Structure formats: structure tokens, C-alpha cells
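Trainee: I'd like to ask some things about the structure below.
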Amino acid sequence: MKIPNAITAMLAGIVLTLASLWFGQNHGLMPVAASEEAPLVDGLFNAMMTIAAGLFILVQGALVISIIKFRKRPGDETDAPPVDGNLSLEIVWTAIPVVIVLGLSVYSFEVYNTMGGLDPMASHDHGPHQMAMTSGSAIAAPLPGSEDAIPPAKEEKIALGVGASPENQGNPADLEVNVLGLQFAWIFTYPESGVVSGELHIPAGKEVQLNIAAQDVLHAFWVPQFRLKQDAIPARTTELRFKPKTPGDYPIVCAELCGAYHGAMQTRVLVETPEDFEAWLQTQIALQKDAASQTVAMNPGELSDGEFLAPFVRDMGINSAALEQLHPAAHHEHHNS
């Protein structure tokens with residue numbers, strides 16, 4: 001029994017759709033989704049993978065069928081019938097990409113808006129400053145006096161980074177962290193407590209706002225498990241606001257080529273339960289208080305000459321015993337100097 005072409009095409013379309021949907025949802029190319037924003041990005045990526053898989057199967061399937069069905073028969077030395085244009089076919093293969101591109105554009109815009117990409121409050125700076133160039137760096141410090149020479153920018157209307165989601169716009173984040181990128185490390189400062197760390201600790205389930213800046217050249221703060229990346233720009237502050245969801249230890253990678261040791265510019269973000277995060281924060285506060293008290297205890301003005309110079313005896317070519325022979329008058333002069 002010969003199956004009508006329409007039914008064959010319909011069955012092929014059903015198989016093609018099911019195969020594309022399965023691959024688009026089960027490709028396994030993305031790491032674990034550890035933030036509430038990650039599923040939004042995954043949904044967009046899966047949609048693109050579904051469309052790409054369908055087009056790949058359609059094009060490659062048409063090629064294979066054509067090669068088999070229209071292959072040269074034994075003894076057939078004739079040419080194939082000439083084909084001169086097909087307006088309907090040209091309209092179809094032009095319309096399909098247009099519809100796909102427009103659909104993905106609308107979808108990606110909606111994802112970006114839902115994540116907070118259009119929050120006008122995400123931009124806090126007043127435009128770029130005039131920068132001085134130094135050897136070995138793309139951008140360095142602002143020129144002295146340039147702050148007065150550059151007129152203030154007009155009111156920002158476009159977000160510089162990813163701000164609050166539409167339902168949270170105008171509300172402060174639960175935790176704010178200042179992030180500084182420099183060759184070749186990340187430094188995290190918690191302004192409310194004064195804690196400074198080389199690792200980012202944040203509580204799960206709480207909204208976090210990162211104020212990102214760069215000291216020297218362009219860097220890019222990227223956590224693949226969060227599906228978030230934000231440039232760190234010298235003399236400008238960008239914002240990245242998100243809500244971590246899954247406790248764990250995730251890498252922070254610089255995604256902008258920033259120098260010879262760019263590949264080593266890595267650290268980690270630890271998403272902890274609120275209780276563990278608070279315990280870590282209090283520990284860091286206590287450690288920094290201890291360090292500050294030790295610094296006060298080692299005030300050079302209160303040290304003897306021997307104690308003051310002991311760390312330098314090797315470079316000075318003398319021994320600590322010789323330091324004890326210093327005249328008391330010299331000790332007195334040291335403390336008066």
C-alpha cells in the first residue's frame with residue numbers, strides 16, 4: 001500500500017518536532033542552575049537548541065533523502081530535468097528565518113527585562129572619566145583635575161548592568177557587596193560590616209547586589225552556574241543583582257582578556273545558608289578586630305630600637321646583639337623622630 005505524500009510529510013514533521021524538543025530539553029550542555037535567574041536563561045538557550053536541532057535534522061535529512069532518491073542509476077547517462085526558480089519555496093525559506101529571529105528577539109527581550117536588565121536605577125555613575133594611560137595597561141587612573149573638567153552627565157535612562165526585577169524595583173537588596181577587579185584578582189568588600197575578602201560569600205534565598213568596578217583594565221565578572229556575567233569597567237560602577245538559590249561552591253571567572261595572567265584570575269563564590277553566612281560574617285568581623293588590635297599593639301613609636309630594627313637586621317648586615325649596643329640617646333632620638 002502506498003502511503004500518500006501528505007501523510008508521510010505529516011509523520012515526518014511529528015517525528016522531527018518530537019526529536020527536536022527532546023534534544024532541546026536534554027542536551028546537558030549547561031552546568032547546574034544555582035540562581036533564580038538561571039532558569040530564565042536556560043529556557044531561552046533550550047529554545048534556541050530546539051530550533052537549531054530541528055533545522056539541523058531537516059537540512060541533513062533532506063540531503064540524505066536527496067542523495068539516496070536521486071542517485072545515478074546504472075546505465076543512466078541522461079541529465080536531470082532543468083529547474084528554474086520556485087517562488088513559493090523561496091518565500092517559505094525566507095519567511096521561516098525571519099519568524100525565528102523575531103520570535104527569539106521578543107523572547108530574549110522579555111528574559112532580559114524579567115532579570116532586571118531594564119532597571120533604570122541600576123546605573124549609578126555619571127559617565128566615563130577622562131583616563132591617563134600608563135605603560136602596560138589599557139586604562140589607568142583618572143587624570144588629576146579631570147573630575148572638574150568633565151560636565152556631569154544627564155539623568156541615566158538606561159541600566160548599566162542588571163538591576164532589580166520589575167516587581168522589586170525601588171527596593172534595596174538584602175545584601176550589598178562591592179567588587180573590585182584588578183590584575184589579577186577579585187576583592188570583595190561588605191560595606192555594612194567593613195569585611196574584606198578574596199572570596200565571595202552570600203546567603204541563599206536572599207537578593208544580592210554587586211557593585212562592580214575595575215582598578216586598572218577591563219575585566220568581566222562571570223559565574224557560569226548563575227548564568228550571569230557583567231563587565232568591570234575602570235572609573236565606572238556597574239550593578240549585578242540576583243538571588244542565589246542553591247548552596248554550594250562555584251567558580252568566579254574573569255571573562256575578559258585582561259593581561260598575561262588573565263587565566264589565573266579566578267576565585268570562588270560560596271552560597272551558604274543564611275545561618276552559615278551570618279556565622280562566617282561574624283567570624284570575619286572578629287578576625288579583623290583582632291588584626292586591628294595587633295596592629296595597634298605593634299605601634300613602632302612604642303618599640304625599642306632593637307625591636308624596631310629586628311626585621312631588617314639581615315638586610316643591614318648586622319645582628320640583633322649589635323642592636324642592643326645602641327646608645328640610649330639614639331633610642332631617644334628614634335622616638336622623637
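The values are calculated or read from the model by the stated rules, or taken from the named source; none is laboratory data. Not measured: the values here are computed from a predicted model. Here the Cβ is made from the backbone with ideal geometry for all residues, glycine too, and neighbour counts use every protein chain on show. When the accessible area is computed, the model is the full protein with side chains, heavy atoms only, and any ligands, DNA or RNA have been set aside. Shrake-Rupley method; radii C 1.70, N 1.55, O 1.52, S 1.80 Å.
Trainee: Net charge near L270: determine it from the other residues with C-beta under 11 Å of the C-beta of L270, scoring Lys and Arg +1 and Asp and Glu -1. Working shown, then result.
Mentor: Values: positive: R268; negative: E199, D249, E272, D276.
Overall, the nearby charge balance is -3.
Trainee: So, in Å, what gap is there between the alpha-carbon centers of the stretch 23-75 and the stretch 241-265?
Mentor: Value for the Cα centre distance between the two parts: 29 Å.
Trainee: Right, here's the next one. Sort the following peptides by mean Cβ neighbour count (other Cβ atoms within 10 Å, averaged over residues), highest first: 102-115, 224-237, 41-54. Don't jump to the answer; show the numbers that get you there.
Mentor: On the way: 102-115: 13.6, 224-237: 20.5, 41-54: 16.7.
Per-residue Cβ counts within 10 Å, averaged per peptide and sorted highest first, yield 224-237, 41-54, 102-115.
Trainee: Between N113 and M48, what is 0.36 nm times their sequence separation minus the Cα-Cα distance? Round to one decimal in nm.
Mentor: Values: separation 65, 0.36 × 65 = 23.40 nm, distance 1.85 nm.
Residue separation times 0.36 nm, minus the Cα-Cα distance, leaves 21.5 nm.
Trainee: Taking the solvent-accessible surface of protein heavy atoms with a 1.4 Å probe, what is the per residue accessible area of the stretch 183-245 in Å²?
Mentor: Details: 2050 Å² over 63 residues.
Counting only protein heavy atoms, the per-residue value for the stretch 183-245 is 32 Å².
Trainee: I need the calculated FRET efficiency for the pair V59 and T246, taking r as the beta carbon distance and R₀ as 35 Å, to the nearest 0.05. If you can, show how the numbers build up before the last one.
Mentor: Values: r = 38 Å, r/R0 = 1.09.
Approximately 0.35, to the nearest 0.05.
Trainee: Between T283 and N171, 0.36 nm times their residue separation minus their Cα-Cα distance comes to what? Could the numbers behind the result be given before it?
Mentor: Numbers: separation 112, 0.36 × 112 = 40.32 nm, distance 2.86 nm.
The span from T283 to N171 would gain 37.5 nm if fully extended.
Trainee: Counting only heavy atoms of protein chains, what accessible area per residue, in Å², does the stretch 42-89 have with a probe of 1.4 Å? Can you show the working numbers first?
Mentor: Values: 3970 Å² over 48 residues.
Value for the stretch 42-89: 83 Å² per residue.
Trainee: How long are the three semi-axes of the equivalent ellipsoid of the stretch 10-80, in whole Å, if each is the root of 5 times an eigenvalue of the C-alpha gyration tensor, listed from largest down? Write out the running numbers ahead of the final one.
Mentor: Numbers: eigenvalues 315, 24, 14 Å².
Three semi-axes, in Å: 40, 11, 8.
Trainee: Here is a follow-up. Could you tell me the calculated FRET efficiency between T17 and V83, based on Cβ-Cβ distance and R0 = 22 angstrom, to the nearest 0.05?
Mentor: 0.15
Trainee: Between S66 and H27, take the C-beta separation as r, use R0 = 25 Å, and let me know the FRET efficiency to the nearest 0.05. Show your work: numbers first, answer last.
Mentor: Details: r = 28 Å, r/R0 = 1.10.
Efficiency, from the Cβ-Cβ distance: 0.35.
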